[in-house]
Every structure is written in C-alpha cells, then in structure tokens.
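Asks: I'd like to ask you about the structure that follows.
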C-alpha cells in the first residue's frame with residue numbers, strides 16, 4: 001500500500017491505495033478503466049491531462065530519489081554531460097548516451113570540438129522547464145532515436161523538441177509569454193535540429209556513427225536534416241564483380257540510396273585505459289556464450305573489474321556462427337557496441353576462418369586461440385603474417401585437449417598450450433600456409 005499521490009485519486013481510492021490499483025473491488029465498487037458510455041469516457045480522458053499527467057514530473061523525481069539509495073545510480077529528469085560550454089549536443093535516450101559521452105571526450109581532446117550529451121530521464125522532461133538552459137543558443141543538436149516512423153513528419157523525440165522550440169519562439173513574439181513554463185526565444189536562440197535513426201532490430205551503433213552525427217552539423221558538413229547511422233546500404237568496395245553488378249542495379253532502382261546514411265571519418269577505440277576486450281567466435285549450441293558469462297563473473301569476483309558482456313546473434317539456429325563480446329576495465333566502461341578492437345580472440349570452432357575474419361581488429365601484440373582441426377592439432381606457436389594476415393607481433397595458438405598419440409600414451413594428456421597468452425614466441429612459425 002502507498003499514500004494516494006494526488007487529490008483526484010483520493011476521491012476514488014481514499015488516503016491509501018494499492019501500488020497497482022484494482023480495477024474492481026467489491027468493497028469499493030467504482031468503475032476504473034472498464035467499458036464506459038460516451039459522456040463518462042470523454043470526461044475521464046479530459047481529466048487525465050490536468051489531474052494526472054500534470055503530476056508525473058513530481059512523481060518521477062520521487063521515484064528517482066527512492067531508486068538512488070537502492071542502486072547507487074542517480075537519475076534526474078534531465079541529465080547532461082559537458083553541455084554548459086558545448087556548441088554541439090547529441091540528444092537521445094538509452095544506452096546510446098554513454099557512448100556519446102565517450103565520443104564527446106574524444107572529439108574535445110583530439111579536435112577541440114565542444115561536444116556535449118543530453119538525456120531526458122522521462123519523455124515529459126523534453127517540453128518541460130529543464131529543457132531551457134540546455135539547448136538554447138547551441139549551434140546544432142542531433143536528436144538520435146532507435147526507431148523510424150516513415151509516415152510521420154518527425155520522429156517522436158524530435159517532435160517534442162521541435163514543439164518546445166516553437167513554443168519558446170512564440171513566447172518571444174508576444175509581449176507577454178503565452179506559455180508561462182517556458183522561456184522566450186529569439187530566432188538566434190533556437191539551435192539547428194538534426195534527426196537521426198539508428199539501432200533498429202538491435203543494429204550495432206559504433207562510435208563512427210556518433211562522430212558522423214557531429215560532423216554532419218559542422219559548417220563544412222553535409223547538414224542533412226534526417227539520416228541513418230551505422231548501416232551500409234551499399235558497399236564502397238564490392239567483394240566480387242557479381243556484387244558490383246548487383247549494387248549497380250540497386251542504385252538504378254533506388255536513386256540516391258547512398259545518401260540515406262552518413263559515415264564518420266574515423267572509428268576510434270574508446271575503451272578506458274587498462275581495459276581488456278575479448279571476442280568469442282563460436283557455433284550455436286557449443287556453449288561459448290555460457291563460457292563468456294562465466295569468464296565475466298570470474299573477472300568481476302576476482303579482480304573487481306567493471307564488466308560489460310553481450311552476445312550477438314539474430315535468427316541463427318543451432319550450428320550457425322555466433323559471436324560474444326566481453327570487456328573488463330578498472331573503471332566504468334561507457335562504450336555500448338560490438339568490439340572491433342580486441343586484445344584476445346577465442347574460438348572453439350575449428351572452421352572459424354572459413355566463415356569469419358576472426359582476426360579483424362586484433363590489436364598489435366594481442367593473441368588469439370582456436371580449436372585446431374585434426375591435421376593442425378599439434379601445431380602451436382606464433383603464425384607468420386602470411387598465415388594470419390596480421391603482423392608478427394600478434395600471437396596465435398591452437399589449444400587442444402585431445403587424446404595423445406600411442407607413442408606418448410604414458411604421459412598425461414595436456415593441451416598444446418594453456419592459453420594463447422602463454423604461447424612461446426621462440427617457436428618457429430608453421431611453414432605450411434593456411435588455405
């Protein structure tokens with residue numbers, strides 16, 4: 001039971017009510033949310049705005065205050081990052097904002113661009129009073145949303161922000177403000193607004209996409225008002241002549257399809273200092289995702305590291321390739337995306353190189369470990385650039401716990417090497433190139 005939060009609800013429920021009200025109660029036979037006639041229904045809908053939704057902001061702040069001591073995380077109706085002096089702001093909701101904060105730090109450090117991030121804690125915060133000092137006078141605001149509404153004029157969050165700006169400008173055109181809860185804007189106070197769509201169907205958003213959103217707002221940028229991020233409708237370099245012909249046919253049937261998405265000029269590694277990133281390549285049903293979860297829990301329990309881990313698979317069924325990403329760092333990890341730059345690659349799939357470029361993004365002096373095929377089960381050591389496509393500082397090993405041959409039957413069965421990091425660099429590379 002909780003205290004009834006609004007005077008209007010006290011008429012129905014009394015001074016206290018259930019947290020989730022009962023729709024029908026024999027002791028208090030009041031109709032709530034059931035079938036109503038026209039007059040009753042319209043009265044109830046009209047009463048929602050002044051007598052219910054007007055209280056949402058205060059109730060949200062109360063919930064945030066109760067949530068903080070339970071979790072240690074502080075939330076507010078409007079949360080900002082480096083917005084006080086920012087010229088360009090990324091506005092959005094969800095896991096994209098921590099990545100935007102890391103991108104803002106990177107662009108400030110490397111290019112001197114004043115970039116900030118903003119996240120509304122709840123949708124009503126968009127047109128509310130906290131919106132005033134955050135966006136006023138900015139050069140550009142990129143509003144990124146994880147959806148698309150093709151028949152709508154704007155995406156939902158963009159509509160809210162644009163409506164707020166319109167009301168502020170209307171206040172500025174009148175001697176007395178029409179909307180008392182908002183400031184008066186001059187034309188120069190309203191920033192340029194840009195709308196972006198990303199992440200539909202759990203499509204990955206790399207730092208490159210967020211950098212593209214910032215570069216689009218710059219004076220020498222494309223200045224596109226609507227775009228998609230982190231997706232390639234057509235490849236810049238087709239893999240085969242047949243794919244080139246296919247893409248040419250697509251461009252003829254879908255004019256300007258390349259202009260739907262924008263790309264950033266770089267995709268930097270924004271993991272914190274001292275972070276370890278691991279990528280698993282496996283096959284559905286082989287237990288690699290469970291292995292990754294156990295490794296994440298072990299790193300947290302033994303080292304107290306901050307952990308982020310997530311699998312990647314869509315409609316793949318048992319027997320199809322899957323990927324698992326794991327990162328551990330002594331400080332919080334802001335990036336929320338698939339890891340391209342990794343320190344370790346692990347794979348129990350002996351055919352991983354037949355369907356995946358498992359060494360893509362592997363850092364210098366990093367290591368990889370895969371379960372070998374029967375012909376390569378006893379080879380262990382650093383691979384040459386010819387066999388891996390990486391520099392000689394990258395170490396690769398094949399770990400196997402298979403039964404030893406009869407000539408060594410008396411010796412205990414041990415893996416060729418305990419892990420890729422312990423592979424001896426003094427071993428000669430395999431003379432037989434990989435096909």
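The values are calculated or read from the model by the stated rules, or taken from the named source; none is laboratory data. Fair warning: this is a prediction, and the values are worked out from it, not measured in the lab. So basically every Cβ, Gly included, is an ideal-geometry build from the backbone, and we count neighbours across all protein chains shown.
Asks: Pick out, from region 71-122, the strands (runs of 3 or more DSSP E) lying fully within it that include 3 or more residues that are in contact with a helix residue (DSSP H, G or I) (Cβ under 9 Å, 6 or more places away or on another chain), buried (at least 19 other Cβ atoms within 10 Å of the Cβ) and touching a residue at least 60 places away in the same chain (Cβ under 8 Å). Full working, then the answer.
Replies: On the way: elements: 78-81, 88-91, 115-120.
Qualifying strands (runs of 3 or more DSSP E): 88-91.
Asks: I've got another one for you. Restricting attention to region 30-51, and to residues there that are more than 20 Å from residue 3 (Cα to Cα) and assigned to a loop (DSSP other than H, G, I, E, B), which single residue is modelled with the highest pLDDT?
Replies: 37
Asks: Can you find a residue that is in a loop (DSSP other than H, G, I, E, B), touching a helix residue (DSSP H, G or I) at 6+ places or on another chain (Cβ under 7 Å), in the same structural domain as residue 137 (by TED's automatic domain parsing) and under 30 Å from residue 138 (Cα atoms) anywhere in region 237-257?
Replies: At the first step, the residues of region 237-257 found to be in a loop (DSSP other than H, G, I, E, B) are 237-240, 254-256.
With touching a helix residue (DSSP H, G or I) at 6+ places or on another chain (Cβ under 7 Å) added as a condition, the list becomes 238.
Filter once more, keeping what is in the same structural domain as residue 137 (by TED's automatic domain parsing): 238.
Narrowing the set further to residues that are under 30 Å from residue 138 (Cα atoms) leaves none.
There is no residue in region 237-257 that is in a loop (DSSP other than H, G, I, E, B), touching a helix residue (DSSP H, G or I) at 6+ places or on another chain (Cβ under 7 Å), in the same structural domain as residue 137 (by TED's automatic domain parsing) and under 30 Å from residue 138 (Cα atoms).
Asks: I need a count of the residues in region 267-290 that are surrounded by 15 or more Cβ atoms within 10 Å (Cβ to Cβ) and either under 24 Å from residue 195 (Cβ atoms) or under 23 Å from the mean Cα position of the chain (by Cα) (or both).
Replies: 16
Asks: Residues that are without any contact (Cβ under 8 Å) to a residue 40 or more places away in the chain, more than 19 Å from residue 356 (Cα to Cα) and out of contact with any helix residue (DSSP H, G or I) (no Cβ under 7 Å at 6 or more places or on another chain): does region 309-317 have at least one?
Replies: No, that holds for no residue.
Asks: Hey, another quick one. So residue 241 clears everything in (1) more than 26 Å from the chain's Cα centre (by Cα); (2) exposed (fewer than 12 other Cβ atoms within 10 Å of the Cβ); (3) within 30 Å of residue 303 (Cα to Cα) except one condition, right? Which one?
Replies: Every condition holds for residue 241 apart from (3).
Asks: Looking only at region 310-330, how many residues end up being assigned to a strand (DSSP E or B) and modelled with pLDDT of 85 or more?
Replies: So the count comes out to 7.
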